[in-house]
Each structure stands twice: as C-alpha cells, then as structure tokens.
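This is the structure I have questions about; it appears just below.
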Amino acid sequence: MSALLRHVVLACALAGAVAGAWAQSRIYSCVDAKGRRLTSDRAIPECSDREQKELSPLGTVRRTIPPTLTPAERAVKDEQDRKLAEEQQRQAEEKRTQKLLVARYPSQTAHDAERAKALQPVDEAIASSRKRIAELQDQQKKLRTQADATKAPPEAVAKLKRQLEDNEQQAAAQARTVATQEEEKARITRRYDEQLVRLKRLWGQQAAASAPVTVR
C-alpha cells in the first residue's frame with residue numbers, strides 16, 4: 001500500500017471516529033433557580049428541581065428530563081400511579097365483564113329464561129314448605145279435637161300433648177324455611193333486575209354501533 005493510500009485510509013478512519021463521537025456526545029442545558037443558563041456534558045445538579053434539556057451537538061432537543069422528585073413528591077406520584085393503574089385495570093375488567101354479559105344474554109328473552117331457571121328451585125321449595133305447613137295445620141286441628149273430646153287416661157293425654165308440641169315445632173321450622181327462601185328469591189330478583197338495567201344499556205350501545213350510517 002502506497003504512503004498516499006495509507007494517509008487517505010487513516011484520514012477516513014479518524015473522520016469516522018470523530019463523527020461517531022460527535023453524534024454520541026450529549027449537552028445538558030437548563031436555567032437554574034438564579035436565572036443562570038447552565039450547560040454541561042452531564043446532568044446538572046443545580047437543576048435537579050427543574051426540567052433540563054438534553055441537546056445534540058447541533059443544538060436540537062433530544063429529550064426533556066423532568067425534575068428529580070423529593071421523597072415526599074415521589075410518594076405522592078407513586079400513589080397517583082397506583083390509583084391510575086387500578087382504575088385502568090378496573091375499566092379493563094368492566095369491559096371484559098360487559099362483553100361476557102352480552103355474550104351470555106344476547107336478548108331479554110334469554111335473560112328472562114335464565115331468571116326463571118334460577119327462581120324455579122326456590123319457588124318449588126317455598127311451595128313444598130307451604131304445602132307441608134297446610135298439612136301440619138290440618139293435623140293440628142285433628143289433634144286438638146282429639147284432646148278436647150277424649151277422656152283418655154293421663155298417658156294418652158300426655159302423648160297428644162307431645163304430638164301437638166312436635167306439630168308446632170315442625171310448622172315453625174317450615175315457616176322459617178319459607179322466610180329464608182323468600183329472602184333468597186328477593187335476592188335473585190334484585191340481581192336479575194340490576195343485570196337487566198345494565199343489559200338494556202349495553203344492548204342499546206350495541207344496536208347503535210351496528211346501525212348503518214346514512215350518508216346525505
């Protein structure tokens with residue numbers, strides 16, 4: 001390789017190195033609390049409480065560096081970030097729930113059928129308990145008639161008394177069952193009523209979104 005060629009190669013290599021270093025260099029600039037314009041090749045401690053600009057060698061802004069937060073400010077920001085993340089997660093979960101709800105109940109007919117299915121065993125339990133209460137009431141009348149009419153020995157009278165007490169206890173138990181099932185029925189009804197209000201809004205939004213756009 002000739003001396004001239006070596007000089008050319010070396011010059012190109014040096015130029016590339018200088019250009020690379022130039023491109024990678026950073027300049028930080030800010031105005032401190034005293035109004036002074038400061039510049040440095042690294043972040044400026046005097047401007048830690050305010051924004052700093054990172055500039056390219058040509059003076060263009062590469063990025064804006066926010067002020068360094070105090071521990072108290074950092075705690076406030078972390079709490080704000082936490083609440084924001086929770087709200088975003090809540091909204092995402094709400095959208096997912098709405099999507100599943102509409103998929104499960106595409107119409108009020110489907111929702112009404114599901115409501116009836118949920119209420120059926122409760123209604124059957126209530127009907128069964130009320131039927132049993134009616135049977136116990138009839139039985140109680142017969143036992144009281146026997147107790148009033150009989151002149152049986154004390155042992156027979158005591159047996160009738162025990163039967164009456166047992167009858168009353170069974171009737172009370174059945175009455176408690178009816179009350180519990182009525183509460184369950186009211187709870188289920190409230191749940192489906194609340195769902196229906198929500199679904200009507202979602203069905204309306206869905207219909208509006210799928211409606212054809214009329215161009216005039």
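The values are calculated or read from the model by the stated rules, or taken from the named source; none is laboratory data. This structure is a prediction, so every number in the text was calculated from the model and none was measured. For neighbour counting, all protein chains shown are included, and Cβ atoms are generated from backbone atoms with ideal geometry for every residue, glycine included.
Given the options LEU143, LEU58, LEU119, LEU100, name the one that is free of Cβ contacts under 8 Å to residues at least 40 places away in the same chain and surrounded by 12 or more Cβ atoms within 10 Å (Cβ to Cβ).
Step by step, each of LEU143, LEU58, LEU119, LEU100 is checked, and only LEU143 is free of Cβ contacts under 8 Å to residues at least 40 places away in the same chain and surrounded by 12 or more Cβ atoms within 10 Å (Cβ to Cβ).
Pick from segment 17-43 the residues that are at pLDDT 90 or above and farther than 18 Å from SER56 by Cβ: which of them is surrounded by the most Cβ atoms within 10 Å (Cβ to Cβ)?
Looking at residues that are at pLDDT 90 or above and farther than 18 Å from SER56 by Cβ, I get VAL31.
I'd like to know if segment 148-163 contains one or more residues that are in contact (Cβ under 8 Å) with a residue 60 or more places away in the chain and out of contact with any helix residue (DSSP H, G or I) (no Cβ under 7 Å at 6 or more places or on another chain).
Within segment 148-163, none of the residues are in contact (Cβ under 8 Å) with a residue 60 or more places away in the chain and out of contact with any helix residue (DSSP H, G or I) (no Cβ under 7 Å at 6 or more places or on another chain).
Which numbered condition trips up LYS131, out of (1) surrounded by fewer than 13 Cβ atoms within 10 Å (Cβ to Cβ); (2) within 30 Å of LEU199 (Cα to Cα); (3) not hydroxyl-bearing (Ser, Thr, Tyr)?
Going through (1) surrounded by fewer than 13 Cβ atoms within 10 Å (Cβ to Cβ); (2) within 30 Å of LEU199 (Cα to Cα); (3) not hydroxyl-bearing (Ser, Thr, Tyr) one by one, LYS131 breaks only (2).
Next question, about the same structure. So how many residues does segment 61-75 have that are free of Cβ contacts under 8 Å to residues at least 12 places away in the same chain and surrounded by 11 or more Cβ atoms within 10 Å (Cβ to Cβ)?
5
Any idea which of (1) at pLDDT below 95; (2) in the same structural domain as VAL102 (by TED's automatic domain parsing) is the one LEU196 doesn't satisfy?
Result: LEU196 passes all but (1).
So that you can scan it fast, the table gives a plain yes or no per residue for (1) of a type outside the set (Val, Ile, Thr); (2) under 30 Å from ALA113 (Cβ atoms):
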{"site": "THR145", "(1), (2)": "no, no"}
{"site": "GLN169", "(1), (2)": "yes, no"}
{"site": "ARG176", "(1), (2)": "yes, no"}
{"site": "ASP193", "(1), (2)": "yes, yes"}
{"site": "LEU202", "(1), (2)": "yes, yes"}
{"site": "GLN206", "(1), (2)": "yes, yes"}
{"site": "ALA211", "(1), (2)": "yes, yes"}
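Is it the case that segment 189-211 has a residue that's touching a Pro at 6+ places or on another chain (Cβ under 9 Å), aromatic (Phe, Trp, Tyr) and either surrounded by 12 or more Cβ atoms within 10 Å (Cβ to Cβ) or within 18 Å of ALA103 (Cα to Cα) (or both)?
Yes, segment 189-211 contains a residue that is touching a Pro at 6+ places or on another chain (Cβ under 9 Å), aromatic (Phe, Trp, Tyr) and either surrounded by 12 or more Cβ atoms within 10 Å (Cβ to Cβ) or within 18 Å of ALA103 (Cα to Cα) (or both).
Here's another thing I want to ask about it. In segment 62-108, which residues are under 27 Å from ARG201 (Cβ atoms) and among the aliphatic types (A, V, I, L, M)?
LEU84, ALA85, ALA92, LEU100, LEU101, VAL102, ALA103
Picking from GLN89, GLN98, GLN120, GLN80, which residue would you name as being within 30 Å of ARG50 (Cβ to Cβ), among the polar types (S, T, N, Q) and in a helix (DSSP H, G or I)?
GLN80
OK, next. From the list GLN80, GLN91, which residue is under 30 Å from ALA186 (Cα atoms) and of a type in the set (S, T, N, Q)?
Among GLN80, GLN91, only GLN91 is under 30 Å from ALA186 (Cα atoms) and of a type in the set (S, T, N, Q).
Could you list, in sequence order, all residues of segment 40-64 that are under 43 Å from the mean Cα position of the chain (by Cα), acidic (Asp, Glu) and farther than 12 Å from ARG26 by Cα?
ASP49, GLU51, listed by residue number.
Here is a further query. Would you check if LYS151 is in a loop (DSSP other than H, G, I, E, B) and at pLDDT below 95?
Here the answer is yes, as LYS151 does meet what is asked.
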